[in-house]
Amino acid sequence: MGVSKATVSRVLNGKPGVSEDTRQAVLTALDVLGYERPTQLRGERGKLVGLVLPELSNPIFPAFAEVVGGALAQRGLTPVLCSQTPGGIQETDYIDLLLQQQVSGVVFAGGLYAQADAPHGHYRLLHERGLPVVLVNAPIPGLDFPCVSTDDAIAVEQAWRHLRALGHERIGLALGPSDHVPSRRKLEAGRAAAAAVGGALPEELVARGLYSMEGGQAAASRLLDAGATGIVCASDIIALGAVRAARRRGLSVPEDVSVVGYDDSPLMTATDPALTTVRQPIDAMGRTAVQLLTAQMEGKEVLRDEVLFDPELVVRSSTGPAPRAAGA
């Protein structure tokens, strides 16, 4: 390129004393050679922030996107929404696209990082490039990305105590896949809750499935076969599937079986019955995620530990006294 190391250093650090032609030549050379431009030199593209969601069919993710998008806009940043669809663009493809767009950072609100057995190479790539990243609801072991999470242990404890107070003794867990980190945490919390009342959580009262109504219906059917009268679910969508499973057996919710969701996603007050659920504080979590991201973008030191937020049990109509206690 024919310029000195000192000239390149001045360009990269935004120092004066370099002609515009030389500055552009240095930046073009960086692009051609595949190097990341420093954030302060990315121009308008530096105002883009990737927001990666696993899906949009679960209403909790659009709600989270609204919070994060609003918080980014207040800081003059524009979110680039990346959502996976069956048979469509995958998460690794989105990472490549975001890097091509020279985004200044990425917020992941769900994805392969939450699956312990999934490939994590594309996250390591982001880490190696020093791109600011924030994760939601699951850290990646070995990578010190900041993470904001709802405390799964408190969430399950709240739901469990609620059902126990209603007289339920056969309480089941309807969880996501076995390698899903939040579901693993909920399982540990369920075992701890059972142990706290002097018992153990039987394996037949733990059912796993996909995060969908169909997955929830299948998981709840197995729990009902095992005699569960109360079901704690890993998401509101799974809980709606559990309600459907009960009704297809001719059972009533909550008279015959009580169901507790997780998220308090939009419209859960409009379901029949209105869903008792554990609310994730998505507003506080979303704003904190943006604060952690922008602090990294500004070169500040940020907390690399997981930031845990307390959930809140919201009691509605899908829980009631255990069947044997109803006439007492």
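The values are calculated or read from the model by the stated rules, or taken from the named source; none is laboratory data. Since the structure is predicted, the reported quantities are computational estimates derived from the model, not experimental observations. All Cβ positions, even for glycine, are placed from backbone atoms using ideal geometry, and neighbour counts span all protein chains on display.
If the requirement is being in contact with an Asp or Glu (Cβ under 6 Å, 6 or more places away or on another chain) and over 30 Å from ALA71 (Cβ atoms), which of these qualifies: ALA322, ALA220, ALA226? I'd like the intermediate steps shown before the answer.
Details: ALA322 fails: in contact with an Asp or Glu (Cβ under 6 Å, 6 or more places away or on another chain); ALA220 fails: in contact with an Asp or Glu (Cβ under 6 Å, 6 or more places away or on another chain).
Only one candidate qualifies: ALA226.
Any chance the stretch 146-168 includes a residue that's closer than 22 Å to VAL106 by Cβ, surrounded by fewer than 17 Cβ atoms within 10 Å (Cβ to Cβ), in contact with a helix residue (DSSP H, G or I) (Cβ under 9 Å, 6 or more places away or on another chain) and not assigned by TED's automatic domain parsing to the domain that holds ALA242? No, the stretch 146-168 has no match at all. Scanning the stretch 276-301 for residues that are of a type in the set (S, T, N, Q) and under 20 Å from ALA239 (Cβ atoms), we see that the one that is nearest to the chain's Cα centre (by Cα) is GLN280. The single condition among (1) surrounded by 15 or more Cβ atoms within 10 Å (Cβ to Cβ); (2) in a loop (DSSP other than H, G, I, E, B); (3) not charged (D, E, K, R) that LEU292 does not satisfy is (2). When restricted to residues that are loosely packed, with under 14 Cβ neighbours inside 10 Å and free of Cβ contacts under 8 Å to residues at least 24 places away in the same chain, the stretch 98-118 contains 1. Of the residues GLY46, GLY69, GLY105, the single one that is under 23 Å from CYS147 (Cα atoms) and at pLDDT below 70 is GLY46. Scanning the stretch 239-279 for residues that are assigned to a helix (DSSP H, G or I) and not hydrophobic (A, V, I, L, M, F, W, C) yields GLY241, ARG244, ARG247, ARG248.
For the stretch 253-263, does any single residue satisfy the condition of being surrounded by fewer than 18 Cβ atoms within 10 Å (Cβ to Cβ) and either touching a Leu at 6+ places or on another chain (Cβ under 6 Å) or modelled with pLDDT of 95 or more (or both)? Walk me through how you get there before you give the answer.
Step one: list which residues in the stretch 253-263 are surrounded by fewer than 18 Cβ atoms within 10 Å (Cβ to Cβ), which gives 255-256.
The next check asks that each one be either touching a Leu at 6+ places or on another chain (Cβ under 6 Å) or modelled with pLDDT of 95 or more (or both); those that pass are 255-256.
Within the stretch 253-263 (the criterion being surrounded by fewer than 18 Cβ atoms within 10 Å (Cβ to Cβ) and either touching a Leu at 6+ places or on another chain (Cβ under 6 Å) or modelled with pLDDT of 95 or more (or both)), the answer is yes, since at least one residue qualifies.
So which strands (runs of 3 or more DSSP E) are wholly in the stretch 117-228 and hold at least 1 residues that are within 26 Å of LEU97 (Cα to Cα) and of a type outside the set (S, T, N, Q)? It comes to 133-136, 147-150. The condition (being more than 28 Å from PRO139 (Cα to Cα) and more than 23 Å from the chain's Cα centre (by Cα)) is satisfied by just one residue among ALA193, ALA246: ALA246. Restricting attention to the stretch 299-313, does a residue exist that is modelled with pLDDT of 95 or more, farther than 18 Å from LEU205 by Cβ and crowded, with 22+ Cβ neighbours inside 10 Å? Yes, the stretch 299-313 has at least one match.
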